[in-house]
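Here the structure is laid out as structure tokens; the discussion comes afterwards.
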Amino acid sequence: MNGDQLRIGAIVEGDGEVEALPILLRRVVAEISPERWVDVPKPWRLDRGCLMTVGGVEGSVNRLVCDVGTITGLLVLLDADDDCPADLGPRLLARAQAARPDVPVAVVLANREFEAWFLAAASSLRGCAGLAADLENPPDPEQPRGCKEWLSHRTINGRPYKPRSHQSSLAAQFDLRMARENAPSFDKFWRDVEYLITGKR
């Protein structure tokens, strides 16, 4: 692998992120460094409880690196749910870095859910995946629980939002810069991806 090639391994919590995260990573890399392309092996989906246990995140990142081979960076993406991202995120990051000091690692907790990033740019998703044509951004997209329900209540076809069916198409469509402005945890995701591809914080 030469210096221009990027290969980012990832650990996620939900089924939807397995398909959606590679799409989102490639979009962000294309914005930050359009001359480069990133290879994203299929993310590992691991139960949150397994990662939180003693040795859980350490064993997971070690196994991922052994399984996928050479990577230039490693990303762990979880929903914050009711945890404080500023507290849990650094603790998980320190554990992951201690386990793999040879690989650049980033840990991002979407506050509160991955779908909050869609809410932060909801107006850019009008008409996408059955969503209403007059969709507006909620005032504080990272505060409410139930982002999936928020999306379900704003469809025009009567079909609820389902991560495995809809997350990838929304990840391909939502306005990245709008989401950065309205969702601090997405701005952190962007900055962490920038670190993984440039090595600079």
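Any idea which of ASP175, ASP87, ASP187, ASP134 is surrounded by fewer than 20 Cβ atoms within 10 Å (Cβ to Cβ), in contact (Cβ under 8 Å) with a residue 24 or more places away in the chain and acidic (Asp, Glu)?
ASP175
Looking at (1) closer than 28 Å to ILE8 by Cα; (2) in a loop (DSSP other than H, G, I, E, B), can you tell me which one ARG159 breaks?
Single failed check for ARG159: (1).
Out of ARG36, ARG63, ARG26, ARG48, report the one residue that is of a type outside the set (Val, Ile, Thr), within 16 Å of the chain's Cα centre (by Cα) and over 25 Å from GLN143 (Cα atoms).
Going through ARG36, ARG63, ARG26, ARG48 in turn, the sole match is ARG26.
Identify, from the list GLU194, GLU181, the residue that is outside any loop (DSSP other than H, G, I, E, B), more than 18 Å from LEU93 (Cβ to Cβ), of a type in the set (D, E, K, R) and at pLDDT 95 or above.
So the residue among GLU194, GLU181 that is outside any loop (DSSP other than H, G, I, E, B), more than 18 Å from LEU93 (Cβ to Cβ), of a type in the set (D, E, K, R) and at pLDDT 95 or above is GLU181.
Identify, from the list ARG63, ARG36, the residue that is without any contact (Cβ under 8 Å) to a residue 24 or more places away in the chain, touching a strand residue (DSSP E or B) at 6+ places or on another chain (Cβ under 9 Å), loosely packed, with under 14 Cβ neighbours inside 10 Å and more than 25 Å from LYS162 (Cβ to Cβ).
ARG63
Evaluate the following for PHE114: is it hydrophobic (A, V, I, L, M, F, W, C), in contact (Cβ under 8 Å) with a residue 40 or more places away in the chain and touching a helix residue (DSSP H, G or I) at 6+ places or on another chain (Cβ under 7 Å)?
Yes; evaluated as a whole, the condition is true for this residue.
Exactly one of these conditions fails for ALA98: (1) more than 20 Å from ARG145 (Cα to Cα); (2) loosely packed, with under 13 Cβ neighbours inside 10 Å; (3) without any contact (Cβ under 8 Å) to a residue 24 or more places away in the chain. Give me its number.
Condition (3) is where ALA98 drops out.
For region 114-122, state whether one or more residues are surrounded by 16 or more Cβ atoms within 10 Å (Cβ to Cβ), among the acidic types (Asp, Glu) and in contact with a Lys or Arg (Cβ under 6 Å, 6 or more places away or on another chain).
Checked against the condition, which is being surrounded by 16 or more Cβ atoms within 10 Å (Cβ to Cβ), among the acidic types (Asp, Glu) and in contact with a Lys or Arg (Cβ under 6 Å, 6 or more places away or on another chain), region 114-122 yields at least one hit.
The values are calculated or read from the model by the stated rules, or taken from the named source; none is laboratory data. As the structure is a prediction and not an experimental result, all values here were calculated from the model. Cβ sites come from the backbone with ideal geometry, for glycine too, and all protein chains shown count toward neighbours.
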